[in-house]
Amino acid sequence: MRAWTRPAVPTIPGDGRVARLFDSIEGRVVETRPDGIASIYVCGITPYDATHLGHAATYLAFDTLIRLWLDAGFEVRYVQNTTDVDDPLLERAARDGMDWRLLAEEQTDLFRADMERLRVIPPDHYVAVTEVVGEVAEAVARLEREGVAYRVGSDEAGDDLYFDSGFHNPAWQLGAESGLDRETMLVLSAERGGDPDRAGKRDPLDPLLWRAERPGDPAWDSVLGRGRPGWHIECSVIALEHLPATITVNGGGSDLVFPHHEFSAGHSAALTGHPLARLYAHAGMVGYRGEKMSKSLGNLVLVSRLASDGADPRAIRLALLGQHYRSDWEWTDAHLTAADGRLASWAAWAAAPADLPDDGFVGELRETLSEDLNTPGAIDLVDARLAAGLPATTPIVRAIDALLGIDLMAG
Ligand code: ZN
């Protein structure tokens, strides 16, 4: 599937830093240590309410990481999926009396436009689950042959397949990534697409790998008969299609850590014998009016809405980068107003940059950002430079563009 247009990313003088990042398994900030190639899989949206600021904040976090890797001279391979068939999408389409394919297509288009607006570097492979149904079915069939997947019969259709989360594999253990106790896992499983109460499962937590066709449900022919993929296996299969067995970073929002990331990593370990990623990174949640911003609560602030109301996308970007990616925070209109003011003063300051070599500022910016993507710290550095009356120089203006994705010469 087509991604979106890549923004220009200028090169900057001097040496980039290898980014350090908080790893959910280790519970601390560690070096990302790419092996020559830096590979990353970031879970994409389920296209039915694109693109709220929570999404945007997550993709901007990993965009910052990718920009740091590029600056440090790594070749980057980036893959993202879109879950263009799944229960929440089908439910929304049914509610709105819309064809689910049309809804997914419209929302994916909107997402692409928003990512482009925000100058997010696109993935090298942007893959819809409907493009890999055959591959997913093959992978699930393999897991069944190896005894890691098992069947649960249903009255209305053929067998569904589930993942045995109690399987023994040195590359994965249930709970390692999320750090959650079983009780919490059961609650989250029920809330986030799982079916802990379904009879016939070996463990209530076991996630669905393959859903046999139900009347009126979308389904594809496959080695498992007609049906469609479960949610977590799609990401394991898409990552394995395009990236090494163990990637550098698997990223996504913190609401994906369980069950989605935990089980994608489990499926992947079962298929390859290797951990899915060296490092698992999660972005915090953005709230609005006292609640987490989410489709189900209907309290979404959309990037496209802000843009159509006249917001400069650079200000939206600056507002989101003003919060640390791992924190949970609440969006207010004041964030955008403040970012607008900051953008105006930065742009005025940078209007005629001095053609001077860097005086160490670019190094400070790199150092700050490479420590767990400290974008608020980087913004503070620029503010402090303005406040001190120090000039904008060509290397600094280029670094703000390359690392923060904000082109002060545009607009
Ligand atoms: Zn995923």
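Brief remarks follow.
- For the range 161-213, the convex hull drawn through the C-alpha positions has a volume of 93 cubic angstrom per residue.
- Kirkwood hydrodynamic radius (C-alpha pairs) into Stokes-Einstein, the range 1-151, 10 °C and 1.306 mPa s, D in µm²/s: 90
- Segment Asp155-His324, extension gain: residue separation times 0.36 nm, minus the distance between their alpha carbons: 56.0 nm
- Modelled this way, with points 7 Å down the Cα-to-C-beta line, the labels at Ser296 and Asp197 are 1.4 nm from one another.
- Sorted largest first by accessible area at a 1.4 angstrom probe radius, with every protein chain in place, the residues Asp197, Asp114, Asp181 fall in the order Asp197, Asp181, Asp114.
- Sequence of Asp96, Asp63 from largest to smallest accessible area, 1.4 Å probe: Asp96, Asp63
- Asp221/Ala334 FRET efficiency (R0 35 Å; Cβ-Cβ; nearest 0.05): 0.05
- log10 of Debye I(q)/I(0), alpha-carbon scatterers only, for the chain at 0.09, 0.11, 0.13 Å⁻¹: -0.55, -0.81, -1.10
- DSSP loop trypsin sites (Lys or Arg not before Pro) with at most 12 other Cβ within 10 Å: longest gap in the chain: 3-288
- Extension gain, Ala113 back to Arg28 (0.36 nm per residue minus Cα-Cα distance, nm): 27.1 nm
- In order through the range 209-214: 3J(HN,Hα) via Karplus (6.51 cos²θ - 1.76 cosθ + 1.60), integer Hz, x for Gly, Pro: 9, 8, 10, 5, 4, 10
The values are calculated or read from the model by the stated rules, or taken from the named source; none is laboratory data. Treat the numbers as computed from the prediction; the structure is a model and nothing was measured. Virtual Cβ from ideal backbone geometry, glycine too; neighbours counted across all protein chains shown. SASA here: full protein model, heavy atoms, side chains in, ligands and nucleic acids out. Shrake-Rupley method; radii C 1.70, N 1.55, O 1.52, S 1.80 Å.
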